[in-house]
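The values are calculated or read from the model by the stated rules, or taken from the named source; none is laboratory data. This one's a predicted model, so the numbers in the text were calculated from it and none came from an experiment. Virtual Cβ from ideal backbone geometry, glycine too; neighbours counted across all protein chains shown.
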Amino acid sequence: MKALITGINGFAGSHLAEHLLGGGFEVSGTIRSSSSLRHVVQLRDMVRLYECELTDHAAVEAMIAELRPDLIFHLAAQSFIPDSWAAPMETIHNNLSCQVHLLEAMRKHCPSGKILIACSSEEYGQVEADEVPIKETNPLRPLSPYAVSKIAQNFLGYQYFKNYGLHAVCVRTFNHTGPRRGEQFVTSNFAKQIAEIEKGLKPPVLYVGNLEARRDFTDVRDVVRAYGLALDKCEPGEVYNIASGVGREVREVLNILLGFSTTQIDIQQDTSRLRPSDVKVVVGDYSKFHARTGWHPEIPFESTLLDLLNYWRGTI
Ligand SMILES: Nc1nc2c(ncn2[C@@H]2O[C@H](COP(=O)(O)OP(=O)(O)O[C@H]3O[C@H](CO)[C@@H](O)[C@H](O)[C@@H]3O)[C@@H](O)[C@H]2O)c(=O)[nH]1
């Protein structure tokens with residue numbers, strides 16, 4: 001079976017590549033430039049890399065026509081929410097054009113392939129207290145251009161399924177983390193700051209944003225296992241939450257990470273880290289996905305955070 005991962009050099013993409021290789025798949029992946037293969041450098045001889053700009057429809061079509069993958073895991077996206085307020089059109093154009101180009105190329109060159117569309121819990125946006133844990137049927141009230149782009153990606157999958165019978169499965173993944181998480185995201189940002197302070201690379205002050213937000217975190221290695229199952233067992237045209245079902249305040253995440261360090265660290269709020277709007281509580285109900293696949297998250301959150309901190313301790 002040939003699997004293509006868009007954004008294979010990204011956080012989830014690199015973990016998914018390892019997972020699929022372990023399952024005997026022939027793995028290919030798109031990268032933007034061969035100058036930086038940070039996360040897949042150790043897999044270089046085991047995967048086929050396409051330097052392909054997904055916003056370029058001709059490049060995408062040529063790649064899909066040549067490879068004709070059985071499975072496409074579409075993970076590549078502009079995924080940092082604050083960047084979507086700074087450059088809304090860029091986020092919307094990037095996330096939608098990549099999606100349309102892939103679906104159009106599939107329709108022409110591998111219509112019996114399957115595609116997983118990595119969408120997001122951010123699509124739910126404004127969530128009322130009595131709507132938690134959030135089910136797939138919850139209204140979508142997006143609060144960022146990024147969320148709007150993910151809703152559109154989600155509906156494009158549905159539309160191509162209904163119009164052309166493409167096997168498109170959409171997953172709304174809640175927050176996920178683990179080794180290699182980009183440093184702009186909260187868990188990784190805090191872990192990196194701790195590692196830097198421990199090494200004396202910066203003064204013992206850890207900068208934070210809104211510690212009151214409550215989020216639902218899953219280990220990336222559980223998430224990529226879920227992605228494999230989604231294309232194996234889920235219904236096309238449907239959407240599934242991938243979550244842990246457990247809500248944690250960002251303050252709790254910080255305290256767990258600080259508990260792994262013996263260094264004295266002060267906490268300071270950096271107002272530039274606050275957002276125009278920050279969804280208060282995001283906790284997911286993944287029973288629909290569980291009923292279909294039997295999936296449960298397996299890795300304890302504390303292990304995930306320790307692995308992440310040790311990743312930074314070994315990287316900086
Ligand atoms: N990044 C960051 N976030 C902070 C900080 N302090 C508090 N937070 C809060 O921590 C929460 C999580 O922020 P992020 O880790 O940046 O993730 P996100 O905005 O929830 O988005 C991530 O998860 C979505 C759902 O899976 C993804 O769709 C999205 O692409 C991204 O991965 C937010 O409420 C944010 O305000 C900080 O210093 N940095």
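From the list D219, D270, D232, which one is at pLDDT 95 or above, surrounded by fewer than 18 Cβ atoms within 10 Å (Cβ to Cβ) and within 25 Å of L21 (Cβ to Cβ)?
Of the residues listed, the single one that is at pLDDT 95 or above, surrounded by fewer than 18 Cβ atoms within 10 Å (Cβ to Cβ) and within 25 Å of L21 (Cβ to Cβ) is D232.
Is it the case that segment 153-172 has a residue that's within 28 Å of S14 (Cβ to Cβ), in a loop (DSSP other than H, G, I, E, B) and either within 16 Å of the ligand (Cβ to nearest atom) or in the same structural domain as G29 (by TED's automatic domain parsing) (or both)?
Yes; the residues of segment 153-172 include at least one that is within 28 Å of S14 (Cβ to Cβ), in a loop (DSSP other than H, G, I, E, B) and either within 16 Å of the ligand (Cβ to nearest atom) or in the same structural domain as G29 (by TED's automatic domain parsing) (or both).
What pairs come out if I take residues in segment 80-96 that are closer than 20 Å to D278 by Cα and near the ligand (Cβ under 10 Å from one of its atoms) and pair them with residues that are small (G, A, S) and assigned to a helix (DSSP H, G or I) whose C-beta lies under 9 Å away, six or more apart or interchain?
Pairs that qualify, where the first residue is closer than 20 Å to D278 by Cα and near the ligand (Cβ under 10 Å from one of its atoms) and the partner is small (G, A, S) and assigned to a helix (DSSP H, G or I), are I81/A147; S84/A147; S84/S149.
Checking F155 against (1) of a type outside the set (S, T, Y); (2) in contact (Cβ under 8 Å) with a residue 24 or more places away in the chain; (3) out of contact with any Cys (no Cβ under 8 Å at 6 or more places or on another chain), only one condition comes out false. Which one?
(2)
Within segment 132-150, restricting attention to residues that are over 15 Å from M89 (Cα atoms) and out of contact with any strand residue (DSSP E or B) (no Cβ under 7 Å at 6 or more places or on another chain), which residue is nearest to the ligand (Cβ to nearest atom)?
So, considering only residues that are over 15 Å from M89 (Cα atoms) and out of contact with any strand residue (DSSP E or B) (no Cβ under 7 Å at 6 or more places or on another chain), the one nearest to the ligand (Cβ to nearest atom) is N138.
Output the helices (runs of 4 or more DSSP H) that fall wholly within segment 211-316 and possess 2 or more residues being touching a residue at least 60 places away in the same chain (Cβ under 8 Å) and within 11 Å of the ligand (Cβ to nearest atom), or say none.
Output list reads 220-233, 250-259.
Suppose we keep only residues that are farther than 19 Å from R38 by Cα and in contact with a Gly (Cβ under 8 Å, 6 or more places away or on another chain) within segment 173-198. Which one would you say is nearest to the ligand (Cβ to nearest atom)?
For segment 173-198, the residue satisfying everything is V186.
Do we have T304 as over 18 Å from the mean Cα position of the chain (by Cα) and at negative phi here?
Judged against the criteria, T304 is not a match.
Being among the hydrophobic types (A, V, I, L, M, F, W, C) and closer than 22 Å to D232 by Cβ is the filter here; which residues of segment 44-78 pass it?
Result: M46, V47, I64, L67, L71, I72, F73, L75, A76.
Going by the structure shown, is R38 out of contact with any helix residue (DSSP H, G or I) (no Cβ under 9 Å at 6 or more places or on another chain) and either within 16 Å of the ligand (Cβ to nearest atom) or at pLDDT below 95 (or both)?
For R38, the condition - out of contact with any helix residue (DSSP H, G or I) (no Cβ under 9 Å at 6 or more places or on another chain) and either within 16 Å of the ligand (Cβ to nearest atom) or at pLDDT below 95 (or both) - is not met.
Using beta carbons and a limit of 8 Å, which pairs, at least six apart or on different chains, have the first residue in segment 173-189 and on the phi > 0 side of the Ramachandran plot and the second one modelled with pLDDT under 95?
These pairs meet every condition: R180/H39.
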